[in-house]
Every structure is written in C-alpha cells, then in structure tokens.
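Colleague: Below are the structure tokens for one structure; questions will follow.
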Amino acid sequence: MSRIGKKAVAIPGGVTATIDAGQLSVKGPKGTLSMPLSDLITYEVNDGSISVQPANDGKQARAFWGMQRTLVQNLITGVTSGFSKVLEISGVGYRANVSGKNLKLQLGYSHDVEFVVPDDLEVKTPDNTTIEISGADKQKVGQLAAEIRRWRKPEPYKGKGIKYRGEYIFRKEGKKK
C-alpha cells in the first residue's frame, strides 16, 4: 500500500479540476495545467479533492500509484502558488543578466551564453550572481535550471560555477608540493 497514494489531494478555493478525454486539467489563478492519465490508475474528482487509486492489484499499478498522486499534487500547487528554483553563480567575472526574454550569461568562455526564456516561465536576476526561475510547471522550472547549470557545473577545488541555492559542493584539497 502506498502511504502517499492513499491521501486525497485537496483542491483549494479558486481552483477547478476536470477529467476529459484521458487528460486531467487543473485551472487556477496562475494558469492552466494538464497531464495525461495513466490506464493503470483510476482518478476521481470529488467535492474539494481528487483521489487516486490503482485500477488493479498488479505490481506496475501499485508502483505508479504514489507517483501519479504526486503529479496531481504538483498540478494543484503549480496553479496556486507556483514553483521556483534559485541558482547562484560563483567565480571571478561570472555574471548573469536578463533583458526582456533573454538570459545572458558570462561564464568565462570566449563568447556569452544566451538563453531564450520560454513564455510560461519567469527569470529574474536580483543581482549579477543570482538567477531566480519561477513558473507553474515544476518540470519546466527544473529543466531550465538544469540546462543553465549544465554550462558551468561547480568544480570541487574552488567551488566556481553555477549551483542551486543550498546545494553542498564536496570540496577537494589541491596538489601539495
């Protein structure tokens, strides 16, 4: 039995959820999100909650149960409060700035790295070394953060690079004479 899957997902006020043609659509103040429904799981939209149950007693249905409930919860959270990731840049001369829908990174390469920010995401740079990514879709927020981080992962000797806020970088000792 899935401990996570057993709990029903509460639908807060101002949010509507509908099941139509194999899609669960959730509409709220931050927009509309939808996800395809799995055949191994049964979904029920009741008054103020969504319940998720396995369709049969198969191993795969029970394995999907908790994950599908979490995906439904992420839709509800996304349309109400949204998700955000904060990246921190450390290194001499490493900078970031946003102009319009473009994120420009200076990461020590001979050229600047430019990202076009998708329409459903918002990127802010409160200072030169901090990037805040926010949006309703948790997967898209995390994917953009991972793509930005991939340009300069933090290195273990000085810690230079792009890291998530709160991420621990395992440090190594340098060469000795």
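Colleague: Just one of (1) touching a strand residue (DSSP E or B) at 6+ places or on another chain (Cβ under 8 Å); (2) at pLDDT below 95 trips up A145, so point out which.
Modeller: All conditions are met except number (2).
Colleague: Output the residue which, of all residues in the range 29-51 that are touching a Leu at 6+ places or on another chain (Cβ under 9 Å) and surrounded by 13 or more Cβ atoms within 10 Å (Cβ to Cβ), is nearest to D119 (Cα to Cα).
Modeller: Taking the range 29-51 as the starting set, the residues that turn out to be touching a Leu at 6+ places or on another chain (Cβ under 9 Å) are 33-37, 43, 45, 50.
Next cut, surrounded by 13 or more Cβ atoms within 10 Å (Cβ to Cβ) only: 33-35, 37, 43, 45, 50.
Working: L33: 14, S34: 17, M35: 19, L37: 25, Y43: 30, V45: 30, I50: 29 Å.
Among those residues, the one meeting the criterion is L33.
Colleague: Moving to a separate point now. State all residues of the range 128-148 that are among the polar types (S, T, N, Q) and part of a helix (DSSP H, G or I); if no residue qualifies, say none.
Modeller: Scanning the range 128-148 gives Q139, Q143.
Colleague: Quick one: in the range 5-25, of everything that is among the charged types (D, E, K, R) and free of Cβ contacts under 8 Å to residues at least 60 places away in the same chain, which residue is surrounded by the most Cβ atoms within 10 Å (Cβ to Cβ)?
Modeller: So the first thing to find is which residues in the range 5-25 are among the charged types (D, E, K, R), and the list is 6-7, 20.
From the residues that got through so far, the ones that are free of Cβ contacts under 8 Å to residues at least 60 places away in the same chain too are 6, 20.
Values: K6: 13, D20: 9.
The qualifying residue surrounded by the most Cβ atoms within 10 Å (Cβ to Cβ) is K6.
Colleague: On to the next question. For F115, only one of the following conditions fails: (1) free of Cβ contacts under 8 Å to residues at least 40 places away in the same chain; (2) part of a strand (DSSP E or B); (3) closer than 27 Å to V72 by Cα. What is its number?
Modeller: Every condition holds for F115 apart from (3).
Colleague: While we're looking at this one, here's another question. Going by the structure shown, is G159 part of a loop (DSSP other than H, G, I, E, B), farther than 30 Å from V72 by Cα, assigned by TED's automatic domain parsing to the domain that holds G93 and out of contact with any Asp or Glu (no Cβ under 9 Å at 6 or more places or on another chain)? Don't jump to the end; show me each part of the working.
Modeller: On the way: part of a loop (DSSP other than H, G, I, E, B): yes; farther than 30 Å from V72 by Cα: yes; assigned by TED's automatic domain parsing to the domain that holds G93: yes; out of contact with any Asp or Glu (no Cβ under 9 Å at 6 or more places or on another chain): yes.
For G159, the condition - part of a loop (DSSP other than H, G, I, E, B), farther than 30 Å from V72 by Cα, assigned by TED's automatic domain parsing to the domain that holds G93 and out of contact with any Asp or Glu (no Cβ under 9 Å at 6 or more places or on another chain) - is met.
The values are calculated or read from the model by the stated rules, or taken from the named source; none is laboratory data. Keep in mind that this is a model prediction, so the values were computed, not measured. Cβ: placed from backbone, ideal geometry, glycine included. Neighbour counts: every protein chain shown.
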